Structure formats: C-alpha cells, structure tokens
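Notes for the one structure printed next.
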There are 2 protein chains.
Amino acid sequence: MQYIKITDAIREQIQSGQLAAGTKLPSERKLAEAFKTTRVTLREALSLLEADGLIFREDRRGWFISQRPLIVSLSKPYDFNDVAVSQGRKPSTEVLSSDSMMANKESSEALSLPPFSDVFRFERVHGVDGRPVMYAEHYLRAERVPNLLQHGLEGDLSELYHSQWQLRFTKSCYRLVSTTFDKDVALATRSTSGSPAMKITKVNFDESGVAQEVVFEYWRCSAIELEMEAAFNLR
Amino acid sequence: MQYIKITDAIREQIQSGQLAAGTKLPSERKLAEAFKTTRVTLREALSLLEADGLIFREDRRGWFISQRPLIVSLSKPYDFNDVAVSQGRKPSTEVLSSDSMMANKESSEALSLPPFSDVFRFERVHGVDGRPVMYAEHYLRAERVPNLLQHGLEGDLSELYHSQWQLRFTKSCYRLVSTTFDKDVALATRSTSGSPAMKITKVNFDESGVAQEVVFEYWRCSAIELEMEAAFNLR
DNA sequence: CAGTGGTCTAGACCACTTC
DNA sequence: AAGTGGTCTAGACCACTGG
C-alpha cells in the first residue's frame, strides 16, 4: 500500500528530526512526484498524518509539521495563556466577536437557564507560537456580569470575572468528543473545514453551584494532549 | 461543494431518525450514483462523517450508522461493563492474548519500573451491542499480582485484583490524545487502519501511591464521549 | 460467484496565496 | 502571473465478504 509507505516515510523524517516543527512540507504535486504517485493517494497519506496529529494544514496554504501539543490538565482550572507560557510557548488571543443575546438551545441547556434568558456571547481564537490552535465560544449569564462587553476580553477571564464581579468558579464539568471543524470554526482558525478536532464543552459553576459560564472549545487535534487525575474513596 | 451536500444529506437523515443506529449504508457505488458523483468524492464525504462520529466502518464490510456514544466519566474509576450496562447497552469483552514479559519502554515509563522488570501484559477488545468499540492493552507489575495469568481476564478486573491480591486503586492518571487506528488495533476491532480514534492512557495507583497498572485504550471516536468534573479550592 | 470496499491512476478546473 | 491547495471526474484492479 502506497499511502502507508508515504506516511511511514514522512513520520520517520519527523521523528528523526529532519523535519522540524513548523516546517512547511513541499507542495502536494512535488511530494506526489517524489513518491511516484498521484495527488489523490498523497493526500490520503497526509490526511492520515493529520488525524494522527503529526502534521496540520492551513487552508490553501499547505501542510506543516506539528509543534508538540500543549498539555492541558483538567484537574485544575486552566487559563490558556498560563498553560502555554508554563510550557515555554508563546500564546496569543484574539477576540472575534462579542454581543448580548437571548440564550440559544445549546447555552440554555448547559446553563440550565429559564426560557428567554439573556446571555453574553463572545468568541476567541487562541494561538501558540503564531499559529491558531483553538477556537472558543463563551456564554455567560448576563445578570451575573453586567456590562461585560465594556471590558476587554483578550486577557485572563477568571481574573476579569473576579476583579469586576467577584465571580469565582469552584467547579467545572467537562464533556469531550472528537469531531471536525465546521466552516466557521475552520475560517477562524485558518484551518480547513473537515479537519479533525477535539471539542471540549466546559461548564463553570460559582460558589453557590450555579452554572455561570459555558465554553465550547474546538482544538486542532494535533495541538492538545489532555491530562487529568482522579483520586477515589474506597468503596 | 459536492461532499458537503452529501454529508448534510446523510447527517439529516440520521438526525431525523430515518437511518437508525446500526443500519448499514448502501454500497459506495450505489450511494455515489444516488448523489450523482464518483466514489472518490463520496468517500470523502463518508470519511468526514466518520471523523464526526456519525458513522463508522467495519473493514471491507461497509459503513454503518453509529450508536449513540458511551458516556465515560473519568471522575470515578470505570469498568467498561458497568458503564455500558448502566446506559442500557450490552457489553462484551474478549481477551485476545495474555503473557508475561520484560517491561518494554512504554510500560516501563508509565509504571516507573526499574530496568529488566517483569510485567504481565494482556489485550482485550470491548464491544457494545455486538460491535467492537475499544481495544485495551494492559500492563501490570508482575510481583504484585503473582499468577495473574491463571485467572480469567474477561470479567471485572478491579474485582479480580481485589479479591485475589487485595489490590485496590485509589488514584488514576489519564492522558488523552486523538490518533488513528494502526493495523493491529484495526484488525482487533474490525475497524480500518487509519480510522480516527481516541487514545486514553490510564495509570492506576494503589494505596501506597505505586503505579501498578497502565492501560492503553483505543476507542472508535464515535463510540465515546468523555465526561469529567473538577472541583477547585479557591486560590 | 457477484458485489463490495480498499487502493490507485491520470487527468481537470477554480479560487486563492504568494511573489 | 505562477503555483498551490481544494475539489471533482471516470475510470481501474484486487482481495475479501457474504450469500
């Protein structure tokens, strides 16, 4: 099988360090020629490496060798910036939009909202070492954080919430599935619709046990490795 | 874009319930004809739905509508059987192999073993409603569970460990990445090498804080939804 | 044994990125 | 303006599945 040989060859070059992280691969046509095959077969091989997290693509820009993933621990609350910095990476955050709206089905369910509740919604894109790796869509109960939209949303949100509204999260619930980028998220992350992704839904609860924020995160699958720890009481 | 229309059409039929879980899709050639396209484009659409978890394939047998995923909670120790039964599903477990060996690099690192340590290794495949969904490779410190191989390994392992060797796990550490099935795992799960998968590495610690078991699990990405909860002390 | 999925070939067009 | 990735066509062969 051709495409297995191709993936093996490229994988080996990556793991032996001949292809450094961030490097752009040669064009598909050149690679296809090099491996004496067609673009269809070559792309099959590349897609496999992508799902494996070894390479990723930027829409219409080509294929690149993945950086090592961020290791994200769910055992404690995480701020994207802190996680990246503590692992020697350069994080970036961009706010794409923010507005106030009536809760849609998704947010309403996650936050256990009564009908017609107001929420704030904003979207951010997070990058590591100059490349977008994650898109996040936030919903917050509007009454708990009045005037949210008048504040900058680029920074550490837990700090903002606490300093402005004395809001602190004491519990988070996560849901995690693998999926693919849809068109909008792909656009926001310079990715391709259909590329494999990890979706993390995070619901944050305040001291009174009320769900105040829900975040839908879409990660490039190559950019994240999750870690968590659980201690159990004996039965 | 053709393949987007195809995914949308099939997705809609699934979500509206016209295509029930477990149903086999028509052959690729028939589908391609129905959508007035070629097999290449059709397969692109199917692969997308697969990565999205809506359908899955069995090697050379065709494409099927996914069951709803098992919801696996990492906040407490989980036994595959219990999880499945509690969600109204019919679990199955098959032991593929078991033997004693010198620890390899992977297991040795995960268990913090000194060089040349003996471990037991066994492989199991777990199914839901008659279909394999997960492959697990277990490694245990040999000295803690002597004669492990003389016991049946199909059942609840925590029960076995406890009844035979008074071994109980009080802490687990998890690592989670998305990846693809390799040839061996694909074979064991009737899947296809290259299909998207979730890899969970679980290290189990006993009361004394010693890592006694490491499990490498490979899940069909459509078969699992992870859930976890974390409570935090205020800073 | 018919039909299927897995794999592969050899092209093509278009919109976009890059220079 | 050249080259690239995204998308698509119209075939083909083989090994395997399932009846």
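The values are calculated or read from the model by the stated rules, or taken from the named source; none is laboratory data. No experiment lies behind these values; they were computed from the predicted model shown. All Cβ positions, even for glycine, are placed from backbone atoms using ideal geometry, and neighbour counts span all protein chains on display. The protein model used for the area step is the full one, side chains on, heavy atoms only, and it has no ligands, DNA or RNA in it. Shrake-Rupley method; radii C 1.70, N 1.55, O 1.52, S 1.80 Å.
Within the range A:74-92, the set of residues being open to solvent by 90 Å² or more (accessible area, probe 1.4 Å) and in a loop (DSSP other than H, G, I, E, B) comprises A:K76, A:K90.
Could you tell me whether the range A:22-38 includes any residue that is assigned to a helix (DSSP H, G or I) and touching a Pro at 6+ places or on another chain (Cβ under 8 Å)? Yes, the conditions are met somewhere in the range A:22-38. If you scan the range A:160-189, which residues turn out to be touching a residue at least 24 places away in the same chain (Cβ under 8 Å), farther than 15 Å from A:V95 by Cα and not hydroxyl-bearing (S, T, Y)? Passing the criteria: A:L167, A:R168, A:F169, A:K171, A:C173, A:R175, A:L176, A:F181, A:A186. For B:V95, are the conditions met, namely being crowded, with 20+ Cβ neighbours inside 10 Å and more than 18 Å from B:S208 (Cα to Cα)? So B:V95 fails the test. The single residue among A:T7, A:T38 that is more than 13 Å from DNA strand D (Cβ to nearest atom), within 14 Å of another protein chain (Cβ to nearest Cβ), farther than 27 Å from A:D156 by Cα and of a type in the set (S, T, N, Q) turns out to be A:T7. In the set (1) under 24 Å from the mean Cα position of the chain (by Cα); (2) open to solvent by less than 60 Å² (accessible area, probe 1.4 Å), the condition left unmet by A:K24 is number (2). Among the conditions (1) modelled with pLDDT of 95 or more; (2) open to solvent by 20 Å² or more (accessible area, probe 1.4 Å), the only one that B:A136 does not satisfy is (2).
Filter the range B:166-175 for residues that are more than 10 Å from chain A (Cβ to nearest Cβ) and open to solvent by 30 Å² or more (accessible area, probe 1.4 Å) and give the result. Listed by number, the list holds a single entry, B:Q166. Of all residues in the range B:141-154, none are at pLDDT 95 or above and within 20 Å of A:A230 (Cβ to Cβ). In the set A:S193, A:S163, A:S178, only one residue is within 14 Å of another protein chain (Cβ to nearest Cβ), out of contact with any Asp or Glu (no Cβ under 9 Å at 6 or more places or on another chain) and not acidic (D, E); that residue is A:S163.
Note on the range B:60-73: residues that are outside any loop (DSSP other than H, G, I, E, B) and either buried (at least 20 other Cβ atoms within 10 Å of the Cβ) or more than 12 Å from every other protein chain (Cβ to nearest Cβ) (or both) total 6. When we screen B:L113, B:L96 for residues that are closer than 19 Å to B:F216 by Cβ and under 15 Å from the mean Cα position of the chain (by Cα), the only hit is B:L96.
Only residues that are under 20 Å from B:L46 (Cα atoms) and of a type outside the set (S, T, N, Q) were counted across the range A:29-56, and they come to 12. Residues of the range B:46-57 that are within 12 Å of DNA strand D (Cβ to nearest atom) and farther than 14 Å from B:P26 by Cα: B:S47, B:L48. Only one entry of A:S191, A:S222 meets the criterion of being of a type in the set (S, T, N, Q), part of a helix (DSSP H, G or I) and either crowded, with 19+ Cβ neighbours inside 10 Å or touching a strand residue (DSSP E or B) at 6+ places or on another chain (Cβ under 6 Å) (or both), and that entry is A:S222.
When the range A:48-92 is filtered for residues that are within 11 Å of DNA strand C (Cβ to nearest atom) and free of Cβ contacts under 8 Å to residues at least 12 places away in the same chain, only A:R60 remains. Could you please let me know if A:F116 is among the aromatic types (F, W, Y), free of Cβ contacts under 8 Å to residues at least 40 places away in the same chain and open to solvent by 50 Å² or more (accessible area, probe 1.4 Å)? Against the criterion (among the aromatic types (F, W, Y), free of Cβ contacts under 8 Å to residues at least 40 places away in the same chain and open to solvent by 50 Å² or more (accessible area, probe 1.4 Å)), A:F116 qualifies.
Exactly one residue among A:R57, A:R43 is within 28 Å of A:A188 (Cα to Cα), at pLDDT 95 or above and not in a strand (DSSP E or B), and that residue is A:R43. Taking residues in the range B:21-32 that are within 16 Å of B:D59 (Cα to Cα) and more than 8 Å from DNA strand C (Cβ to nearest atom), and partners anywhere that are hydrophobic (A, V, I, L, M, F, W, C) and open to solvent by less than 70 Å² (accessible area, probe 1.4 Å), the pairs with Cβ atoms closer than 8 Å and at least 6 places apart or on different chains are B:G22/B:F64; B:G22/B:I65; B:T23/B:F64; B:T23/B:I65.
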